[in-house]
Amino acid sequence: MRITMVGTGYVGLVTGTCLSNTGNDVTCLDVDPAKIEKLNRGESPIYEPGLDELLERNKAAGRLAFTLDKAAAYGPAEVIFICVGTPSDEQGRADLKYVLAAARDIGDAIESAEGPTGLGASDKAKIVIVKSTVPVGTNAKVRAEIASRTSKPFHMASNPEFLKEGAAINDFNKPDRVVLGVDSEDAGSRLRDLYAPFVRQGNPIFTMDIPSAEMVKYASNAMLATKISFINEIAGLCELYGADVDEVRRGMCADARIGNKFLYPGLGYGGSCFPKDVLACISMGDEVNRPTDLLAAVHKVNQDQRIRFLEKVDAHFGSGSGPADLSGMRIGVWGIAFKPGTDDIREAPSITLMKALLERGAEVVAHDPVAFETCRGVMGDSITYAGGMLDVVEGADALLVCTDWDEYKHPDFGAIRAKMRAPVVFDGRNLYRPASMREAGFVYHSVGREAVTG
Ligand SMILES: NC(=O)c1ccc[n+]([C@@H]2O[C@H](COP(=O)([O-])OP(=O)(O)OC[C@H]3O[C@@H](n4cnc5c(N)ncnc54)[C@H](O)[C@@H]3O)[C@@H](O)[C@H]2O)c1
(Lines give C-alpha, C1' and ligand atoms only; values in the text may rest on other atoms or scores of the structure.)
Protein backbone atom coordinates (compact mmCIF):
# COMPACT_ATOMS: atom_id res chain seq x y z
CA MET A 1 0.00 0.00 0.00
CA ARG A 2 1.26 3.56 -0.69
CA ILE A 3 1.06 5.47 2.55
CA THR A 4 1.87 9.03 3.55
CA MET A 5 2.50 10.01 7.16
CA VAL A 6 1.87 13.70 7.83
CA GLY A 7 4.20 14.73 10.65
CA THR A 8 7.37 12.86 11.55
CA GLY A 9 7.19 13.23 15.33
CA TYR A 10 7.01 10.46 17.90
CA VAL A 11 3.83 9.04 16.39
CA GLY A 12 4.29 9.68 12.67
CA LEU A 13 7.87 8.51 12.50
CA VAL A 14 7.36 5.34 14.54
CA THR A 15 4.11 4.45 12.80
CA GLY A 16 5.49 5.15 9.34
CA THR A 17 8.63 3.14 10.01
CA CYS A 18 6.69 0.16 11.35
CA LEU A 19 4.25 0.26 8.43
CA SER A 20 7.18 0.29 5.98
CA ASN A 21 8.63 -2.67 7.83
CA THR A 22 5.63 -4.80 6.81
CA GLY A 23 6.27 -4.05 3.14
CA ASN A 24 4.29 -0.86 2.55
CA ASP A 25 5.69 2.02 0.54
CA VAL A 26 5.78 4.87 3.08
CA THR A 27 6.55 8.56 2.61
CA CYS A 28 6.94 10.70 5.72
CA LEU A 29 6.12 14.35 5.20
CA ASP A 30 7.00 17.18 7.55
CA VAL A 31 7.13 20.97 7.43
CA ASP A 32 10.30 21.09 9.55
CA PRO A 33 13.31 21.12 7.19
CA ALA A 34 15.75 20.31 10.03
CA LYS A 35 13.89 17.06 10.79
CA ILE A 36 13.69 15.97 7.16
CA GLU A 37 17.37 16.80 6.55
CA LYS A 38 18.33 14.76 9.60
CA LEU A 39 16.18 11.81 8.52
CA ASN A 40 17.59 11.93 4.99
CA ARG A 41 21.10 11.81 6.51
CA GLY A 42 19.99 8.60 8.27
CA GLU A 43 19.65 10.16 11.73
CA SER A 44 16.54 10.01 13.87
CA PRO A 45 15.37 13.36 15.30
CA ILE A 46 13.97 11.54 18.36
CA TYR A 47 15.27 8.94 20.77
CA GLU A 48 13.19 5.79 20.71
CA PRO A 49 14.69 2.37 21.48
CA GLY A 50 14.95 0.18 18.36
CA LEU A 51 13.97 2.95 15.94
CA ASP A 52 17.40 3.67 14.39
CA GLU A 53 17.85 0.12 13.17
CA LEU A 54 14.35 -0.08 11.65
CA LEU A 55 14.78 3.31 9.97
CA GLU A 56 18.04 2.28 8.39
CA ARG A 57 16.77 -1.10 7.19
CA ASN A 58 13.57 0.20 5.59
CA LYS A 59 15.21 3.27 4.10
CA ALA A 60 17.88 1.06 2.53
CA ALA A 61 15.15 -1.24 1.15
CA GLY A 62 13.56 1.77 -0.58
CA ARG A 63 10.29 1.46 1.34
CA LEU A 64 10.69 4.55 3.53
CA ALA A 65 11.30 8.10 2.32
CA PHE A 66 11.24 11.56 3.93
CA THR A 67 10.20 14.74 2.21
CA LEU A 68 9.10 18.35 2.53
CA ASP A 69 7.35 18.14 -0.85
CA LYS A 70 3.60 18.07 -0.22
CA ALA A 71 2.49 17.35 -3.79
CA ALA A 72 4.93 14.44 -4.11
CA ALA A 73 3.85 13.04 -0.73
CA TYR A 74 0.09 13.36 -1.11
CA GLY A 75 -0.33 12.73 -4.83
CA PRO A 76 0.21 8.97 -5.08
CA ALA A 77 -0.85 8.09 -1.50
CA GLU A 78 -3.73 5.64 -1.11
CA VAL A 79 -3.77 6.17 2.64
CA ILE A 80 -2.83 9.39 4.42
CA PHE A 81 -2.25 9.40 8.18
CA ILE A 82 -2.44 12.81 9.87
CA CYS A 83 -0.01 12.60 12.82
CA VAL A 84 0.63 16.27 13.56
CA GLY A 85 0.65 17.77 17.05
CA THR A 86 -2.54 18.81 18.85
CA PRO A 87 -1.16 20.92 21.72
CA SER A 88 -3.33 22.74 24.27
CA ASP A 89 -4.35 26.28 23.43
CA GLU A 90 -4.56 28.99 26.14
CA GLN A 91 -7.95 27.68 27.26
CA GLY A 92 -6.78 24.08 27.47
CA ARG A 93 -8.63 23.06 24.30
CA ALA A 94 -6.92 20.91 21.68
CA ASP A 95 -5.46 23.33 19.15
CA LEU A 96 -6.39 21.94 15.75
CA LYS A 97 -4.45 24.42 13.62
CA TYR A 98 -1.89 21.84 12.45
CA VAL A 99 -4.55 19.22 11.73
CA LEU A 100 -6.67 21.62 9.72
CA ALA A 101 -3.66 22.98 7.83
CA ALA A 102 -2.81 19.41 6.83
CA ALA A 103 -6.43 18.90 5.77
CA ARG A 104 -6.24 21.92 3.46
CA ASP A 105 -3.01 20.61 1.90
CA ILE A 106 -4.66 17.22 1.40
CA GLY A 107 -7.72 18.77 -0.23
CA ASP A 108 -5.54 20.73 -2.66
CA ALA A 109 -3.45 17.64 -3.42
CA ILE A 110 -6.48 15.45 -4.14
CA GLU A 111 -7.93 18.12 -6.39
CA SER A 112 -4.76 18.56 -8.42
CA ALA A 113 -3.82 14.86 -8.66
CA GLU A 114 -4.90 13.06 -11.80
CA GLY A 115 -7.91 10.77 -12.08
CA PRO A 116 -11.44 10.66 -10.66
CA THR A 117 -10.14 10.09 -7.10
CA GLY A 118 -6.70 11.64 -7.44
CA LEU A 119 -5.20 8.16 -7.84
CA GLY A 120 -4.69 8.08 -11.58
CA ALA A 121 -6.85 5.53 -13.39
CA SER A 122 -7.93 3.90 -10.11
CA ASP A 123 -11.45 4.58 -8.90
CA LYS A 124 -10.44 3.68 -5.35
CA ALA A 125 -10.86 6.69 -3.09
CA LYS A 126 -8.00 7.83 -0.86
CA ILE A 127 -8.45 7.25 2.86
CA VAL A 128 -7.57 10.19 5.11
CA ILE A 129 -6.94 8.98 8.65
CA VAL A 130 -6.68 11.19 11.70
CA LYS A 131 -4.19 9.51 14.02
CA SER A 132 -3.50 12.63 16.07
CA THR A 133 -5.43 12.73 19.34
CA VAL A 134 -8.39 15.02 18.64
CA PRO A 135 -11.71 15.98 20.22
CA VAL A 136 -14.85 14.26 19.03
CA GLY A 137 -16.07 16.01 15.90
CA THR A 138 -12.62 16.74 14.50
CA ASN A 139 -12.89 14.19 11.69
CA ALA A 140 -16.02 15.97 10.56
CA LYS A 141 -14.10 19.27 10.52
CA VAL A 142 -11.25 17.69 8.57
CA ARG A 143 -13.73 16.21 6.10
CA ALA A 144 -15.35 19.63 5.59
CA GLU A 145 -11.96 21.31 5.13
CA ILE A 146 -10.89 18.79 2.47
CA ALA A 147 -14.30 18.86 0.76
CA SER A 148 -14.09 22.65 0.54
CA ARG A 149 -11.04 22.19 -1.72
CA THR A 150 -12.03 19.23 -3.87
CA SER A 151 -15.15 17.56 -5.18
CA LYS A 152 -13.36 14.24 -5.67
CA PRO A 153 -14.42 11.43 -3.33
CA PHE A 154 -12.30 10.39 -0.32
CA HIS A 155 -12.87 8.42 2.88
CA MET A 156 -12.33 9.65 6.42
CA ALA A 157 -11.20 7.43 9.29
CA SER A 158 -10.16 7.85 12.90
CA ASN A 159 -7.34 5.62 14.10
CA PRO A 160 -6.15 6.82 17.51
CA GLU A 161 -2.65 5.76 18.49
CA PHE A 162 -1.89 4.10 21.82
CA LEU A 163 1.88 3.68 21.62
CA LYS A 164 3.95 4.67 24.65
CA GLU A 165 7.15 6.63 24.16
CA GLY A 166 10.08 4.49 25.25
CA ALA A 167 8.28 1.32 24.10
CA ALA A 168 6.74 2.72 20.94
CA ILE A 169 8.06 0.18 18.43
CA ASN A 170 6.88 -2.77 20.46
CA ASP A 171 3.54 -1.11 21.19
CA PHE A 172 2.90 -0.42 17.54
CA ASN A 173 4.02 -3.85 16.38
CA LYS A 174 2.05 -5.66 19.08
CA PRO A 175 -0.88 -3.41 19.95
CA ASP A 176 -3.31 -4.41 22.72
CA ARG A 177 -5.96 -3.34 20.25
CA VAL A 178 -6.40 -1.33 17.08
CA VAL A 179 -9.30 1.12 17.00
CA LEU A 180 -10.72 2.11 13.64
CA GLY A 181 -13.51 4.63 13.24
CA VAL A 182 -14.68 4.47 9.63
CA ASP A 183 -17.30 5.96 7.34
CA SER A 184 -17.59 3.00 4.96
CA GLU A 185 -17.06 -0.72 4.75
CA ASP A 186 -14.49 -0.17 1.98
CA ALA A 187 -12.29 1.99 4.27
CA GLY A 188 -12.79 -0.45 7.15
CA SER A 189 -11.73 -3.47 5.14
CA ARG A 190 -8.69 -1.75 3.59
CA LEU A 191 -7.50 -0.57 7.00
CA ARG A 192 -8.10 -3.95 8.67
CA ASP A 193 -5.97 -5.41 5.89
CA LEU A 194 -3.21 -2.86 6.58
CA TYR A 195 -3.19 -3.74 10.28
CA ALA A 196 -3.52 -7.53 9.83
CA PRO A 197 0.25 -8.19 10.18
CA PHE A 198 0.22 -6.48 13.59
CA VAL A 199 -2.57 -8.55 15.16
CA ARG A 200 -1.54 -12.04 14.13
CA GLN A 201 -1.62 -13.11 17.77
CA GLY A 202 -5.32 -12.42 17.89
CA ASN A 203 -5.44 -8.99 19.47
CA PRO A 204 -8.63 -7.24 18.40
CA ILE A 205 -9.26 -4.66 15.73
CA PHE A 206 -12.34 -2.74 16.81
CA THR A 207 -14.18 -1.11 13.93
CA MET A 208 -16.70 1.51 15.00
CA ASP A 209 -18.20 4.86 14.10
CA ILE A 210 -15.83 7.82 13.92
CA PRO A 211 -17.00 9.81 17.01
CA SER A 212 -16.68 6.71 19.21
CA ALA A 213 -13.16 6.05 17.95
CA GLU A 214 -12.19 9.67 18.65
CA MET A 215 -13.59 9.31 22.16
CA VAL A 216 -11.80 6.01 22.90
CA LYS A 217 -8.43 7.79 22.95
CA TYR A 218 -9.50 10.55 25.33
CA ALA A 219 -11.35 8.11 27.57
CA SER A 220 -8.27 5.87 27.73
CA ASN A 221 -5.83 8.65 28.57
CA ALA A 222 -8.25 10.23 31.04
CA MET A 223 -8.59 6.86 32.80
CA LEU A 224 -4.83 6.37 33.01
CA ALA A 225 -4.33 9.91 34.31
CA THR A 226 -7.05 9.28 36.87
CA LYS A 227 -5.22 6.23 38.18
CA ILE A 228 -2.05 8.26 38.67
CA SER A 229 -3.81 11.12 40.43
CA PHE A 230 -5.75 8.63 42.54
CA ILE A 231 -2.66 6.92 43.91
CA ASN A 232 -0.95 10.27 44.43
CA GLU A 233 -3.91 11.46 46.48
CA ILE A 234 -3.73 8.29 48.58
CA ALA A 235 0.05 8.83 48.94
CA GLY A 236 -0.62 12.27 50.41
CA LEU A 237 -2.92 10.76 53.01
CA CYS A 238 -0.36 8.03 53.76
CA GLU A 239 2.27 10.67 54.56
CA LEU A 240 0.00 12.44 57.03
CA TYR A 241 -1.34 9.28 58.69
CA GLY A 242 1.95 7.36 58.91
CA ALA A 243 1.05 4.69 56.35
CA ASP A 244 3.37 3.47 53.63
CA VAL A 245 1.89 3.88 50.15
CA ASP A 246 4.00 1.03 48.77
CA GLU A 247 2.40 -1.37 51.25
CA VAL A 248 -1.02 0.11 50.59
CA ARG A 249 -0.46 -0.30 46.87
CA ARG A 250 0.52 -3.96 47.24
CA GLY A 251 -2.49 -4.72 49.39
CA MET A 252 -4.84 -2.86 47.12
CA CYS A 253 -3.53 -4.06 43.76
CA ALA A 254 -3.90 -7.75 44.63
CA ASP A 255 -7.62 -7.20 44.02
CA ALA A 256 -8.07 -8.31 40.42
CA ARG A 257 -10.78 -5.69 39.95
CA ILE A 258 -8.20 -2.99 40.66
CA GLY A 259 -5.10 -4.50 39.01
CA ASN A 260 -1.51 -3.44 39.48
CA LYS A 261 -0.84 -1.27 36.45
CA PHE A 262 -0.40 2.47 36.46
CA LEU A 263 -0.82 2.89 40.18
CA TYR A 264 2.63 4.17 41.09
CA PRO A 265 2.86 7.30 43.21
CA GLY A 266 5.38 9.91 42.15
CA LEU A 267 5.65 13.41 40.76
CA GLY A 268 2.44 13.13 38.76
CA TYR A 269 1.97 12.57 35.07
CA GLY A 270 3.80 14.59 32.43
CA GLY A 271 4.62 14.17 28.77
CA SER A 272 2.94 15.37 25.64
CA CYS A 273 -0.30 13.41 26.08
CA PHE A 274 -1.92 13.06 29.50
CA PRO A 275 -1.76 16.72 30.58
CA LYS A 276 -3.13 18.07 27.32
CA ASP A 277 -5.62 15.26 26.79
CA VAL A 278 -7.14 15.63 30.26
CA LEU A 279 -7.47 19.38 29.65
CA ALA A 280 -8.98 18.79 26.20
CA CYS A 281 -11.50 16.37 27.70
CA ILE A 282 -12.45 18.96 30.33
CA SER A 283 -12.92 21.51 27.52
CA MET A 284 -15.08 19.08 25.57
CA GLY A 285 -17.35 18.89 28.62
CA ASP A 286 -17.40 22.68 29.05
CA GLU A 287 -18.35 23.19 25.42
CA VAL A 288 -21.56 21.18 25.88
CA ASN A 289 -22.26 22.41 29.43
CA ARG A 290 -21.48 19.02 30.96
CA PRO A 291 -18.77 19.67 33.55
CA THR A 292 -16.25 16.85 33.94
CA ASP A 293 -15.73 17.27 37.69
CA LEU A 294 -13.70 14.11 38.10
CA LEU A 295 -11.22 15.11 35.41
CA ALA A 296 -10.93 18.62 36.79
CA ALA A 297 -9.90 17.04 40.10
CA VAL A 298 -7.47 14.68 38.34
CA HIS A 299 -5.79 17.70 36.77
CA LYS A 300 -5.66 19.64 40.04
CA VAL A 301 -4.20 16.71 41.99
CA ASN A 302 -1.55 16.38 39.30
CA GLN A 303 -0.60 20.05 39.46
CA ASP A 304 -0.50 19.95 43.26
CA GLN A 305 1.75 16.90 43.29
CA ARG A 306 4.75 18.87 42.00
CA ILE A 307 4.06 21.69 44.45
CA ARG A 308 3.89 19.26 47.39
CA PHE A 309 7.21 17.75 46.40
CA LEU A 310 8.79 21.20 46.26
CA GLU A 311 7.33 21.95 49.68
CA LYS A 312 9.44 19.07 51.02
CA VAL A 313 12.55 20.77 49.65
CA ASP A 314 11.42 24.13 51.08
CA ALA A 315 10.66 22.59 54.47
CA HIS A 316 14.08 20.93 54.62
CA PHE A 317 16.13 23.99 53.67
CA GLY A 318 13.84 26.84 54.72
CA SER A 319 12.43 28.38 57.82
CA GLY A 320 9.11 26.59 57.55
CA SER A 321 6.96 28.94 55.50
CA GLY A 322 7.22 29.75 51.80
CA PRO A 323 10.00 29.06 49.35
CA ALA A 324 13.44 28.42 50.85
CA ASP A 325 16.45 30.54 49.95
CA LEU A 326 18.77 28.13 48.16
CA SER A 327 21.46 30.69 47.24
CA GLY A 328 24.91 29.15 47.30
CA MET A 329 23.48 25.64 47.18
CA ARG A 330 24.15 23.08 44.54
CA ILE A 331 21.27 20.72 43.82
CA GLY A 332 21.74 17.61 41.70
CA VAL A 333 18.94 16.22 39.54
CA TRP A 334 18.73 12.67 38.23
CA GLY A 335 16.41 12.34 35.27
CA ILE A 336 15.05 15.06 32.99
CA ALA A 337 12.84 13.09 30.55
CA PHE A 338 9.20 12.88 31.61
CA LYS A 339 9.63 9.12 31.89
CA PRO A 340 12.39 6.59 31.19
CA GLY A 341 13.07 5.41 27.65
CA THR A 342 12.52 8.75 25.91
CA ASP A 343 14.19 12.11 25.31
CA ASP A 344 10.78 13.83 25.47
CA ILE A 345 10.67 16.54 28.12
CA ARG A 346 7.27 18.03 27.30
CA GLU A 347 5.46 18.72 30.60
CA ALA A 348 8.22 16.86 32.45
CA PRO A 349 8.05 17.34 36.24
CA SER A 350 11.85 17.80 36.23
CA ILE A 351 11.51 21.04 34.26
CA THR A 352 8.99 22.51 36.73
CA LEU A 353 11.23 21.50 39.63
CA MET A 354 14.48 22.75 38.09
CA LYS A 355 12.90 26.13 37.27
CA ALA A 356 11.67 26.40 40.87
CA LEU A 357 15.12 25.52 42.22
CA LEU A 358 16.71 28.19 40.02
CA GLU A 359 14.14 30.75 41.21
CA ARG A 360 15.17 29.91 44.78
CA GLY A 361 18.78 30.73 43.91
CA ALA A 362 20.22 27.21 43.64
CA GLU A 363 22.82 26.05 41.16
CA VAL A 364 21.30 23.04 39.35
CA VAL A 365 23.34 20.19 37.91
CA ALA A 366 21.35 17.58 36.01
CA HIS A 367 21.90 14.21 34.40
CA ASP A 368 19.78 12.22 31.98
CA PRO A 369 20.88 9.31 29.79
CA VAL A 370 19.32 10.79 26.64
CA ALA A 371 17.36 14.01 27.20
CA PHE A 372 20.19 16.59 27.20
CA GLU A 373 19.51 18.08 23.79
CA THR A 374 15.77 18.43 24.32
CA CYS A 375 16.40 19.91 27.77
CA ARG A 376 18.91 22.41 26.43
CA GLY A 377 16.19 23.64 24.06
CA VAL A 378 14.09 24.67 27.07
CA MET A 379 16.53 25.36 29.90
CA GLY A 380 19.47 26.65 27.80
CA ASP A 381 22.57 27.21 29.92
CA SER A 382 20.65 28.01 33.09
CA ILE A 383 21.61 24.57 34.45
CA THR A 384 24.78 22.47 34.19
CA TYR A 385 24.55 19.23 32.22
CA ALA A 386 26.55 16.47 33.85
CA GLY A 387 28.26 13.84 31.72
CA GLY A 388 27.84 11.10 34.31
CA MET A 389 25.26 10.49 37.02
CA LEU A 390 27.88 10.71 39.76
CA ASP A 391 29.09 14.11 38.52
CA VAL A 392 25.70 15.41 39.63
CA VAL A 393 26.27 14.62 43.29
CA GLU A 394 29.80 16.07 43.52
CA GLY A 395 29.58 18.76 46.21
CA ALA A 396 25.76 18.69 46.11
CA ASP A 397 23.58 19.84 49.00
CA ALA A 398 20.78 17.56 47.83
CA LEU A 399 19.87 15.13 45.07
CA LEU A 400 16.43 15.13 43.43
CA VAL A 401 15.36 11.98 41.58
CA CYS A 402 12.87 12.96 38.88
CA THR A 403 12.84 10.06 36.37
CA ASP A 404 13.01 6.35 37.14
CA TRP A 405 15.69 5.40 34.61
CA ASP A 406 17.04 1.90 35.39
CA GLU A 407 20.56 3.18 36.02
CA TYR A 408 19.37 5.20 39.03
CA LYS A 409 17.82 2.19 40.74
CA HIS A 410 20.86 0.67 42.45
CA PRO A 411 23.50 3.35 42.81
CA ASP A 412 26.51 3.11 45.12
CA PHE A 413 25.22 5.17 48.04
CA GLY A 414 28.58 4.92 49.85
CA ALA A 415 30.29 6.67 46.93
CA ILE A 416 27.43 9.15 46.62
CA ARG A 417 27.54 10.06 50.28
CA ALA A 418 31.29 10.64 50.09
CA LYS A 419 30.82 13.04 47.16
CA MET A 420 27.88 15.06 48.48
CA ARG A 421 28.26 18.14 50.67
CA ALA A 422 25.20 16.93 52.59
CA PRO A 423 23.58 13.48 52.30
CA VAL A 424 20.06 14.54 51.35
CA VAL A 425 17.89 12.80 48.75
CA PHE A 426 14.42 13.83 47.52
CA ASP A 427 13.12 10.85 45.62
CA GLY A 428 10.16 11.66 43.38
CA ARG A 429 9.92 8.08 42.12
CA ASN A 430 10.20 5.99 45.30
CA LEU A 431 13.23 4.15 43.94
CA TYR A 432 14.81 3.38 47.31
CA ARG A 433 13.68 1.91 50.64
CA PRO A 434 13.51 4.38 53.53
CA ALA A 435 15.13 1.81 55.88
CA SER A 436 18.12 1.34 53.54
CA MET A 437 18.54 5.08 53.16
CA ARG A 438 18.52 5.50 56.95
CA GLU A 439 21.17 2.82 57.24
CA ALA A 440 23.23 4.52 54.53
CA GLY A 441 23.11 7.74 56.56
CA PHE A 442 20.86 9.82 54.33
CA VAL A 443 18.11 12.28 54.99
CA TYR A 444 15.52 10.87 52.63
CA HIS A 445 12.17 12.17 51.41
CA SER A 446 9.98 10.19 49.02
CA VAL A 447 6.28 10.10 48.12
CA GLY A 448 3.67 8.64 50.47
CA ARG A 449 6.20 7.08 52.84
CA GLU A 450 7.92 8.02 56.10
CA ALA A 451 10.56 10.71 55.80
CA VAL A 452 14.02 9.74 57.06
CA THR A 453 15.18 12.87 58.83
CA GLY A 454 18.32 11.58 60.53
N1 LIG B 1 3.83 11.18 21.65
C2 LIG B 1 3.07 10.17 22.01
O3 LIG B 1 3.47 9.32 22.82
C4 LIG B 1 1.69 10.03 21.46
C5 LIG B 1 0.99 8.82 21.64
C6 LIG B 1 -0.29 8.71 21.10
C7 LIG B 1 -0.88 9.78 20.43
N8 LIG B 1 -0.19 10.95 20.30
C9 LIG B 1 -0.82 12.04 19.57
O10 LIG B 1 -0.27 12.06 18.24
C11 LIG B 1 -0.15 13.41 17.78
C12 LIG B 1 1.29 13.71 17.40
O13 LIG B 1 2.09 13.60 18.56
P14 LIG B 1 3.68 13.59 18.47
O15 LIG B 1 4.17 13.41 19.87
O16 LIG B 1 4.13 12.66 17.41
O17 LIG B 1 3.93 15.10 17.98
P18 LIG B 1 5.30 15.79 17.55
O19 LIG B 1 5.19 17.20 17.98
O20 LIG B 1 6.45 14.96 18.02
O21 LIG B 1 5.27 15.70 15.95
C22 LIG B 1 4.38 16.41 15.15
C23 LIG B 1 5.08 16.69 13.80
O24 LIG B 1 4.12 17.22 12.87
C25 LIG B 1 4.81 18.15 12.03
N26 LIG B 1 3.82 18.99 11.34
C27 LIG B 1 3.06 20.01 11.83
N28 LIG B 1 2.26 20.51 10.87
C29 LIG B 1 2.48 19.79 9.73
C30 LIG B 1 1.95 19.81 8.42
N31 LIG B 1 0.99 20.67 8.07
N32 LIG B 1 2.43 18.94 7.51
C33 LIG B 1 3.39 18.05 7.85
N34 LIG B 1 3.93 17.96 9.10
C35 LIG B 1 3.48 18.83 10.02
C36 LIG B 1 5.71 18.88 13.02
O37 LIG B 1 6.76 19.58 12.36
C38 LIG B 1 6.20 17.70 13.88
O39 LIG B 1 7.39 17.14 13.37
C40 LIG B 1 -0.71 14.29 18.90
O41 LIG B 1 -2.06 14.52 18.66
C42 LIG B 1 -0.54 13.42 20.13
O43 LIG B 1 -1.47 13.72 21.13
C44 LIG B 1 1.08 11.09 20.79
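The values are calculated or read from the model by the stated rules, or taken from the named source; none is laboratory data. Being a predicted model, the structure only gives us computed values, none of them experimental. Glycine also receives a Cβ, built like all others from the backbone with ideal geometry; neighbour counts cover every protein chain displayed. The area values use the complete protein model at the heavy-atom level, side chains included, leaving out ligands, DNA and RNA. Shrake-Rupley method; radii C 1.70, N 1.55, O 1.52, S 1.80 Å.
At-a-glance table
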item	result
Sites Thr384 and Phe230 - FRET efficiency at Förster radius 41 Å, r taken between beta-carbons, to 0.05	0.65
Dipole in debye (nearest 20) - the chain, about Cα centre, beta carbon charges: Lys, Arg +1; Asp, Glu -1	560 debye
Extension gain (nm, one decimal) between Ala60 and Ala243, 0.36 nm per residue minus Cα-Cα	60.2 nm
Subset of Lys300/Lys409; Lys261/Lys355; Lys70/Lys126; Lys276/Lys409; Lys35/Lys141 violating a 20 Å alpha-carbon distance limit	Lys300/Lys409; Lys261/Lys355; Lys276/Lys409; Lys35/Lys141
Carbon plus sulfur fraction of accessible area for the chain, probe 1.4 Å, in percent	52 percent
Distance (nanometres) between label positions extended 7 Å along Cα→Cβ at Leu358 and Lys164	3.0 nm
Dipole-positive endmost among Ala102, Thr117, Cys253 within the chain (Cβ charges, Cα centre)	Cys253
Kirkwood Rh (inverse of mean 1/r, distinct Cα pairs), region 2-208, angstrom	17.1 Å
Whole-Å distance, taken between Cα centres, linking region 1-59 and region 277-341	34 Å
Cα centroid separation - region 365-408 against region 136-175, whole Å	37 Å
FRET efficiency estimate (nearest 0.05) - Cβ-Cβ, Glu90 to Glu111, R0 30 angstrom	0.30
Hydrodynamic radius by Kirkwood, which averages 1/r over all alpha carbon pairs of region 229-300, in angstrom	13.8 Å
Rounded to 10°, Cα long-axis angle of helix 274-287 versus longest principal axis of the chain	60 degrees
Cα-centred dipole magnitude for region 210-454, charges only on beta-carbon of K, R (+1) and D, E (-1), debye, nearest 20	340 debye
Average accessible area per residue (Å²) across region 210-454 - probe 1.4 Å, nucleic acids and ligands excluded	45 Å²
Check: region 67-165 dipole with +1 on Lys, Arg Cβ and -1 on Asp, Glu Cβ, in debye	220 debye
In nm, spacing of pseudo-spin labels at Ala297 and Glu439 (7 Å Cα→C-beta vector)	4.0 nm
Residue-count net charge about Ile258 - beta-carbon cut-off 12 Å; Lys, Arg +1, Asp, Glu -1	+4
Residue list for region 418-437, given a label point 7 angstrom along the Cα-to-Cβ vector of Lys409 and an amide N cut-off under 15 Å	429-433
